Amino acid sequence: MTAKLLILFVIAAAFAQGHALTQIFLPDESYTFMTNSLIGKSLSIPKSFLDTLESCEVVFPDGKPYEAYPNNNLPSGAVSFLYSAQPFTACAIGFRGASVSYSGTYELYSTVRHRADNSRSLTIQRFHLTLFESSGN
């Protein structure tokens, strides 16, 4: 009976291994940048080029979540998903020509499938973004 239970446990563990979702919380990051229509800023959660991005969600400072990948549902404007050629696509958003009203805390949620063991991870990171206008000459 114990042997049957052990075999059942091993089979269940092997089956569940590919379906587990590991949560990773990265430390908060803070950035301060001058607004400029020619220079952009990006926020991203890096991943290995061997792994596959499955989804990317963005929570704006007002608390509204948006899907950025695979379906880009970000509101049109100064914030956009940063596309790149596969296998280099990562969870990344860019700010171009953003006004100071875009300052605030953004959260990125990146779900990745890892090639090495077919596991999945959800990586979460908060970015505190402060934009300021140039007072310059």
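Residues that are closer than 30 Å to R115 by Cβ, of a type in the set (D, E, K, R) and modelled with pLDDT of 95 or more: find the strands (runs of 3 or more DSSP E) completely inside the range 62-103 holding 1 or more of those.
The qualifying strands (runs of 3 or more DSSP E) are 65-69.
Filtering the range 30-53 down to residues that are surrounded by 15 or more Cβ atoms within 10 Å (Cβ to Cβ) and within 16 Å of the chain's Cα centre (by Cα), which residue is farthest from P87 (Cα to Cα)?
K41
Whether any residue in the range 128-136 is surrounded by 16 or more Cβ atoms within 10 Å (Cβ to Cβ), in contact with a Phe, Trp or Tyr (Cβ under 9 Å, 6 or more places away or on another chain) and assigned to a loop (DSSP other than H, G, I, E, B) is what I want to check. Give the steps one after another, and end with the answer.
Narrowing the range 128-136 to residues surrounded by 16 or more Cβ atoms within 10 Å (Cβ to Cβ): 129, 131.
Pick out the ones that are also in contact with a Phe, Trp or Tyr (Cβ under 9 Å, 6 or more places away or on another chain) and you get 129, 131.
Keeping just the survivors that are assigned to a loop (DSSP other than H, G, I, E, B) gives none.
For the range 128-136, residues surrounded by 16 or more Cβ atoms within 10 Å (Cβ to Cβ), in contact with a Phe, Trp or Tyr (Cβ under 9 Å, 6 or more places away or on another chain) and assigned to a loop (DSSP other than H, G, I, E, B): absent.
List the number of the failed condition for T123; all other conditions in (1) touching a Cys at 6+ places or on another chain (Cβ under 9 Å); (2) exposed (fewer than 13 other Cβ atoms within 10 Å of the Cβ); (3) not hydrophobic (A, V, I, L, M, F, W, C) hold.
The one condition T123 does not meet is (2).
Condition first: more than 12 Å from K47 (Cα to Cα), surrounded by 18 or more Cβ atoms within 10 Å (Cβ to Cβ) and touching a residue at least 60 places away in the same chain (Cβ under 8 Å). Now tell me which residues in the range 100-119 satisfy that.
Y106, L108
The values are calculated or read from the model by the stated rules, or taken from the named source; none is laboratory data. The structure displayed is predicted, hence computed values, not measured ones. Cβ coordinates were reconstructed from backbone atoms using ideal geometry, including for glycine residues, and neighbour counts include every protein chain displayed.
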